[in-house]
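Worksheet for the structure shown next.
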Amino acid sequence: MQVKKIALLVSGRGSNLQMIIDNIEKRKINGRIDIVISSKKDAYALERAKKYNIDGIYIGKKNFPDINERNDKIIEILSEKQIDLIVLAGYMSILSEKIVQLYRNRIINIHPSLIPSFCGRGYYGEKVHKAVLDYGVNLTGAPVHFVDEGTDTGPIIIPKPVEVDFNDTIETLAKKVLEVEHQLLPLAVQLFCEDKLKVEGRKVRILGTV
């Protein structure tokens, strides 16, 4: 089976990037990371990429103020690298419809709540956990999903609930959800690289055994 070429889009520390790197090194993922693209110049994820001799580049609002030029540059790099899979790992920008259409069902993201609750525009990072706690629900989660033209509206690949305890804070809940993210995102990448994900309408069928 051909090794899949992966692009990671990041904005922060890159802990999910690290999990994918670790799983590739353990030969659990039949893929390789060919490029890390960061929307922030000082993102620690770029340092992680450098440590593993992975190409990293900053493409953000400061060096590409025009959003169309910014997205065109991302597309140019993805095309040059002949990328098979795009993984949004804490990427704090919205992809253009053009990118989504070019890479239909080849872009995956993970959201820190059970979609379709506490998701969409404005729900990111700690804002999600605060909304979960403020509402008083006892379940949240970290579903991996394909990306479509909406925000957190694509077909769900792997969902997993996370219990919200009465005494949870934003920090404790974020930690629990991140632990689940570190399990599910590499698994979704693994399944994609093994050609085990089939999108059927709004549903994703996982072929074979996991």
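Just so it is clear, none of the values below were taken in a lab; they were calculated from the coordinates. Only a predicted model underlies this, so the values are computations on that prediction, with no experimental measurement involved. We place every Cβ from the backbone using ideal geometry, glycine too, and count neighbours over all the protein chains shown.
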Whole-number percent relative contact order across the chain, with pairs defined as alpha carbons under 8 Å at least 6 apart: 19 percent
Where labels lie 7 Å past Cα in the beta-carbon direction, separation of K127 and N63 in nm: 2.6 nm
Total charge dipole magnitude, the chain, about the Cα centre, Cβ charges on Lys, Arg, Asp, Glu only, Debye to nearest 20: 380 debye
Debye, to nearest 20: dipole size of the range 42-136, +1 on Lys, Arg Cβ, -1 on Asp, Glu Cβ: 140 debye
Value of Rg to Rh for the range 1-103 (Rh from inverse mean 1/r over Cα pairs, i.e. Kirkwood): 0.95
Virtual paramagnetic centre 7 Å along Cα→Cβ of Y135, amide N under 17 Å, in the range 91-115: 111-115
Per-residue Cβ neighbour rank within 10 angstrom, fewest leading, D134, D152: D134, D152
Under the Karplus curve 6.51 cos²θ - 1.76 cosθ + 1.60, θ = phi - 60°, whole-Hz ³J(HN,Hα) for the range 8-17, x wherever Gly or Pro sits: 9, 9, 9, 9, x, 5, x, 5, 5, 4
Answer label for Cα extents along the principal axes in Å (calculated), chosen among [x] 60, 36, 28; [y] 49, 35, 30; [z] 49, 44, 34: [z]
Rounded, prolate or oblate (a/c below 1.5 giving rounded, otherwise prolate when a/b exceeds b/c) for the range 152-201 by Cα gyration tensor: prolate
